[in-house]
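Each reported figure results from applying straightforward, stated rules to the coordinates on display, with no laboratory input. Note that the coordinates shown come from a computational prediction; the quantities given were computed from them, not determined experimentally. All Cβ positions, even for glycine, are placed from backbone atoms using ideal geometry, and neighbour counts span all protein chains on display.
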Amino acid sequence: MERTLVLLKPDSIQRGLMGKIITRFEARGLKIVGMKMLKMGKELSKEHYSHLLGKPFYPDLEKFMTHHPIVAIVLEGKECVQVVRDMMGPTNSRKALPGTIRGDFSMSTSRNIIHGSDSTETAEKEVKRFFKPEELHEYKFSGSDYAYAPDEQ
Ligand code: UDP
Ligand code: MG
């Protein structure tokens, strides 16, 4: 089953939105297979945001992401990479539709409260970047029995 990495960024923690966001993933039928609070180091930030090194906003992004705790979550579900991207809305929260996480909780491009892997290839790398194999849990999730028809599982 497909997996994706979500990060609840420092602004979602500071604004007390962790529970509201996690509730949305649970309610959608996604299975949480890993979750932890951590502080991102500068090295990890540079690796994670390597596509943005050199952008004028990178120093602010690194400072923001490394100075406060974040919550990393691995979600599992059918086509969950795209499902989660759709639930998040676009990078610029002001363009995000109501009903999306960014569209409901954020007004900014740089303080947009959540990260989600942008492709299945990226997701595989990002899950490994943040979680050791023993931090990911295989367990029976009854929700899956009802979130999908038997032939979809
Ligand atoms: N970012 C920013 N300003 C920009 C573009 C991106 O501060 O003009 C930050 C923002 O936090 C964004 C992150 O860099 O979420 C990663 O950018 P990406 O293009 O990967 O967007 P995402 O995948 O998060 O929607
Ligand atoms: Mg991205």
Exercise for the section: For segment 119-153 and segment 16-92, compute the distance between their C-alpha centroids and round to whole Å. Expected result: 16 Å
Practice task
Could you state the orientation-averaged shadow area of the convex hull built on the Cα atoms of segment 30-82, in nm² to one decimal?
Solution key: 4.4 nm²
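Suppose a student asked you for the relative contact order of the chain, using Cα pairs under 8 Å spaced at least 6 residues apart; what percent would you report?
On the way: 228 pairs, mean separation 53.7, N = 153.
Taking the mean separation of contacting Cα pairs over the length of the chain, I get 35 percent.
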Fill in the blank from the handout: Filtered hits (aspartates and glutamates, Cα-Cα < 17 Å from Lys39, offset >= 8 within chain) -> Asp11, Glu47, Asp60, Glu62, Glu126, Glu135
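Quick one: compute the contact order of segment 1-69, relative version, from alpha carbon pairs under 8 angstrom and 6+ residues apart, as a percent.
Working: 30 pairs, mean separation 28.9, N = 69.
With pairs under 8 Å counted, the relative contact order is 42 percent.
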Exercise for the section: Please grab the % of Cα pairs in the chain that end up more than 20 Å from each other. Expected result: 49 percent
Fill in the blank from the handout: Tyr146 and Lys42 label points (each 7 Å along its Cα→Cβ direction) are spaced in nm at 5.0 nm
Practice task
Be a star and scan segment 113-153 for residues whose amide nitrogen sits under 15 Å from the point 7 Å along the Cα-to-Cβ vector of Lys78.
Solution key: 143-153
Practice task
Quick one: go through segment 71-96 and flag any residue whose amide nitrogen is under 16 Å from the point 7 Å out along the Cα-to-Cβ line of Gln14.
Solution key: 71
Exercise for the section: Along Cα→Cβ, 7 Å out, is where each label goes; now give me the distance between the ones at Lys63 and Arg24 in nm to one decimal. Expected result: 2.8 nm
Problem - Among the listed pairs Lys31/Lys55; Lys46/Lys132; Lys78/Lys128, those beyond 31 Å (Cα-Cα) - result: Lys31/Lys55
Handout entry: Residue-averaged [θ]222 nm for the chain, counting only DSSP H segments that reach four residues, each worth -39500 (n - 2.57)
Key = -11000 deg cm²/dmol
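Where the eigenvalues come from the Cα gyration tensor of segment 84-153, what are the semi-axes √(5λ) of the equivalent ellipsoid, largest first, in whole Å?
On the way: eigenvalues 148, 70, 23 Å².
So the equivalent ellipsoid measures 27, 19, 11 Å along its semi-axes.
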